[in-house]
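Input: a single structure, listed below in structure tokens.
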Amino acid sequence: MKVELVNLTKRWGDVVGADGINLTIEHGEFVAFLGPSGCGKTTTLLMVAGIYKPTAGEILFDGKVVNAVPPKDRNIGMVFQSYALYPHMTVFQNISYPLKLKKVPKEEMQKRVQRVADMMGIGHLLDRKPAQLSGGQQQRVALGRALVKEPQLLLFDEPLSNLDARLRLSMRSEIKRLQIDLGITSIYVTHDQVEAMTMADRVAVMKDGKLQAFSPPDELYERPKTLFVAGFVGNPPMNFFDVEVVIENGEYHARGVGIDLVVPAERGEKAVGRGKVIMGVRPEHVSLADEGASGVINIVEPLGRDDLIDVRIGETDVQLLVEPGLGLRIGDHVKLHFDTENVQFFDPDTEKSLLW
Amino acid sequence: MTTTTFEVEAKSGLWRKIVSALPYVALSISIIPILVGYYWVIIATFSYRTEGLFPVDANGNIGGFTLQNWQFLLDPQIWRVTLNSFLIAIGMVIGVGFLSTLTGYALSRMNFRGRKGFLGLTLVLHAFRPELLLIAIFQVLLFIAGIPLLGKVFGFNTVGGVALVMVALELPLGIWLMKGFFDNLSWDMERAALIDGASRFRVWWEIILPQVKPGLAALAIFNFIAGWNAYLIPFTFTIGAKVSNLSVYLNQFSGDTSPTGWNQVAAVGLFQLLPILIFFIFTQETLLSIYGGGAKGGT
Ligand SMILES: Nc1ncnc2c1ncn2[C@@H]1O[C@H](COP(=O)(O)OP(=O)(O)OP(=O)(O)O)[C@@H](O)[C@H]1O
Ligand SMILES: [Mg+2]
């Protein structure tokens, strides 16, 4: 099912939940809504589900406006963060509830529930009550309940955030595989960027109720359209400097307090002559070197595979990853090399990218 | 060395036993007056007279067992008033239960104009002593009595009228109680049910109500007891045995004209207590689970 949101807005008095969201989700696409807490992800999802009435704007399913269609007639399945299982019903009754409401005959109901339960690996738990299940099993029941009526649109609201890290990893790939197998259009709300980047075909980044970007994960990472997206996507986050870009001897230089970097011409020319701009460099494009900008180590954080160090250059803190076991200490003086091929430039006032 | 350690351990073991027994001792002591009271009531109902805690006969000798105090059971009037008590109690259970569940749900989940004012008003209404309202209620009941048909069921001097007034007086508390239970339920469950395809009413009936069952049970029990023991309202708004209830009937034994027959009062009182005692014995587990977090988990 194709889903279009046109200028979708939700307000409660002065509180803005979603503010003029415009996006189109293609049939069979897996879209993630990514953003910090309170940015309006759930609000938008609940409007798509028909639980919240939009203050303004339209929701279209396959080209038809569904604003006035009640949730039960939208043919959607939804998985909640809290699982939202019915505690007084058994697993079987939970999964079969949508079918019971659709008046599906008993025998067919039995068959479909069993099939979905087996698919989710909970076929042997059908007689249990939700309270007798582990968190992961409850999540599977919730997923099964959403899938059993064979919806045309699946909505996920942070379905994995209550699970432990390992289970989250395996459920993540399981959901992704299921979605590909079944080909159901899906919207997946999360504030975990790794989840969004690994699972989604396209990621919608939101902030303060507004859509910041809507593009495939790699594009989001390599060509962030706003300062917010650049800083939000990627872990550890992108480093930012206040610089001025000037031409000297036919080369573009980005100059700030304590640094002077030569940047590629095709990027530099878009930022030159604008006075102060914000330059962004990802941590993986910074490395320790014998020559380069000098700074003092602020923090050393062992992450296992790497150490994350925080180096103060002039007035800015730069984060980078180094191999562990170098014996670095807080207060050490180091020199940093910047790989400028992928630098980003942003307008400090509009916070929009100068490049894309 | 070893012996001394053993001694210390034994001592501390004994000490711990004493400490852990203390609450039981304290509880047992404090319950004695209540137990003595019950003991007296039971003895008194089967004896001619009591002296202190002992049954005595006409000459003051220990003994004198008799069934005469229970003779009231042969009076058809007792069964009439028992039935009335029962009707008032059931009326309250159903009336308050039904109305507070619906109202509490609406107040908990829906946003409408005047919601805040309504909530405040119910609270204030609950603060009114029923005694203050007696005259006003009397006028209302008289008015209802004037309405054809309805007046016969809910008017002045009817069991229905008494139940109506009792329900109205108890509603504010019931509404607040049920609203509190609904407030504690997650919205997601309701949303999930709506998306699963249920109508609003089905969500309420099939998904929400089962979650507040313990609360509803508590409300029902309290209301049953309140209705069963009702005195002031039936005493004020009914005339004559046909429509009076057990508490009012009991009161006539301690009338102003003849000396109070305490043994008979005890018998009727015990009779009135029996259904509630039996009820408690059978439901104490459910009752306790209400406070032990029975509303959560839901196994
Ligand atoms: N029913 C409501 N009434 C009033 N304000 C609301 C309501 N629901 C959400 N909001 C507000 O709308 C904004 C967006 O909330 P929303 O729940 O959509 O955030 P979210 O992106 O899902 O955050 P999280 O990641 O924490 O779940 C918040 O500021 C929130 O306080
Ligand atoms: Mg949310």
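Summary of values
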read-out: Residue that is more than 23 Å from A:His27 (Cα to Cα), touching a residue at least 60 places away in the same chain (Cβ under 8 Å), away from ligand 2 (no atom under 16 Å from the Cβ) and not hydroxyl-bearing (Ser, Thr, Tyr), where the choices are A:Gln110, A:Gln132, A:Gln139, A:Gln114; value: A:Gln139
read-out: Tabulated pairs, segment B:58-83, first at negative phi, second surrounded by fewer than 16 Cβ atoms within 10 Å (Cβ to Cβ) and modelled with pLDDT of 80 or more, C-beta under 6 angstrom, 6+ apart or interchain; value: B:Ile62/B:Phe54
read-out: Residues of segment A:269-297 satisfying the condition of being without any contact (Cβ under 8 Å) to a residue 60 or more places away in the chain and not in a strand (DSSP E or B); value: A:Glu269, A:Val272, A:Gly273, A:Gly275, A:Pro283, A:Glu284, A:His285, A:Asp290, A:Glu291, A:Gly292
read-out: Enumeration of residues in segment A:140-165 that are of a type outside the set (Asp, Glu) and in contact with a Phe, Trp or Tyr (Cβ under 6 Å, 6 or more places away or on another chain); value: A:Ala142, A:Phe156
read-out: Residue that is small (Gly, Ala, Ser) and either touching a residue at least 12 places away in the same chain (Cβ under 8 Å) or in contact with a Pro (Cβ under 7 Å, 6 or more places away or on another chain) (or both), where the choices are B:Ala136, B:Ala89, B:Ala127, B:Ala106; value: B:Ala89
read-out: Candidate set from segment B:42-64 (those that are more than 10 Å from B:Gln264 (Cα to Cα) and crowded, with 16+ Cβ neighbours inside 10 Å); member that is modelled with the lowest pLDDT; value: B:Gly64
read-out: So B:Ile90, is it surrounded by 17 or more Cβ atoms within 10 Å (Cβ to Cβ) and under 24 Å from the mean Cα position of the chain (by Cα); value: no
read-out: Subset of segment A:234-284 (residues that are of a type outside the set (Asp, Glu) and more than 18 Å from A:Leu354 (Cα to Cα)); value: A:Gly234, A:Asn235, A:Pro236, A:Pro237, A:Asn249, A:Gly250, A:Val257, A:Gly258, A:Ile259, A:Pro283
read-out: For B:Pro234: the one exception among (1) farther than 28 Å from B:Leu119 by Cα; (2) within 14 Å of chain A (Cβ to nearest Cβ); value: (2)
read-out: Subset of segment A:64-85 (residues that are within 11 Å of A:Ala49 (Cβ to Cβ) and of a type in the set (D, E, K, R)); value: A:Lys72, A:Arg74
read-out: Of all residues making up segment A:90-106, the number that are closer than 18 Å to A:Gln137 by Cβ and in contact with a helix residue (DSSP H, G or I) (Cβ under 7 Å, 6 or more places away or on another chain); value: 6
read-out: Considering residues of segment A:1-43 that are among the hydroxyl-bearing types (Ser, Thr, Tyr) and within 16 Å of ligand 1 (Cβ to nearest atom) only, the residue farthest from the other protein chains (Cβ to nearest Cβ); value: A:Thr9
read-out: Search result, residues across segment A:180-201 that are in a helix (DSSP H, G or I) and crowded, with 21+ Cβ neighbours inside 10 Å; value: A:Gln193, A:Glu195, A:Ala196, A:Met199
read-out: Residues of segment A:36-94 classified as surrounded by 15 or more Cβ atoms within 10 Å (Cβ to Cβ), within 16 Å of ligand 2 (Cβ to nearest atom), among the hydroxyl-bearing types (Ser, Thr, Tyr) and more than 17 Å from B:Ala193 (Cβ to Cβ), total; value: 3
read-out: Helices (runs of 4 or more DSSP H) wholly inside segment B:168-248 that include at least 2 residues being touching a helix residue (DSSP H, G or I) at 6+ places or on another chain (Cβ under 7 Å), hydrophobic (A, V, I, L, M, F, W, C) and at pLDDT below 90; value: B:213-228, B:232-237
read-out: For B:Arg80: the one exception among (1) loosely packed, with under 12 Cβ neighbours inside 10 Å; (2) touching a Lys or Arg at 6+ places or on another chain (Cβ under 8 Å); (3) within 30 Å of B:Lys242 (Cα to Cα); value: (1)
read-out: Lone qualifier among A:Met89, A:Met78 - being touching a residue at least 60 places away in the same chain (Cβ under 8 Å) and within 17 Å of B:Arg191 (Cβ to Cβ); value: A:Met78
read-out: Selected residue (criterion: farthest from the chain's Cα centre (by Cα)) from residues of segment A:148-207 that are away from ligand 2 (no atom under 16 Å from the Cβ) and among the acidic types (Asp, Glu); value: A:Glu150
read-out: Members of segment B:187-225 found to be within 8 Å of chain A (Cβ to nearest Cβ) and β-branched (Val, Ile, Thr), listed by number; value: B:Ile195, B:Ile207
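Yes or no, residue by residue, for (1) within 18 Å of B:Val265 (Cα to Cα); (2) within 25 Å of the chain's Cα centre (by Cα):
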position: B:Pro23; (1), (2): no, no
position: B:Leu27; (1), (2): no, yes
position: B:Ile31; (1), (2): no, yes
position: B:Tyr39; (1), (2): yes, yes
position: B:Thr45; (1), (2): yes, yes
position: B:Tyr48; (1), (2): yes, no
position: B:Glu51; (1), (2): yes, no
position: B:Ala58; (1), (2): no, no
position: B:Ile62; (1), (2): no, no
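The values are calculated or read from the model by the stated rules, or taken from the named source; none is laboratory data. Fair warning: this is a prediction, and the values are worked out from it, not measured in the lab. No Cβ is skipped: glycine too gets one built from the backbone with ideal geometry, and neighbour counts run over all protein chains shown.
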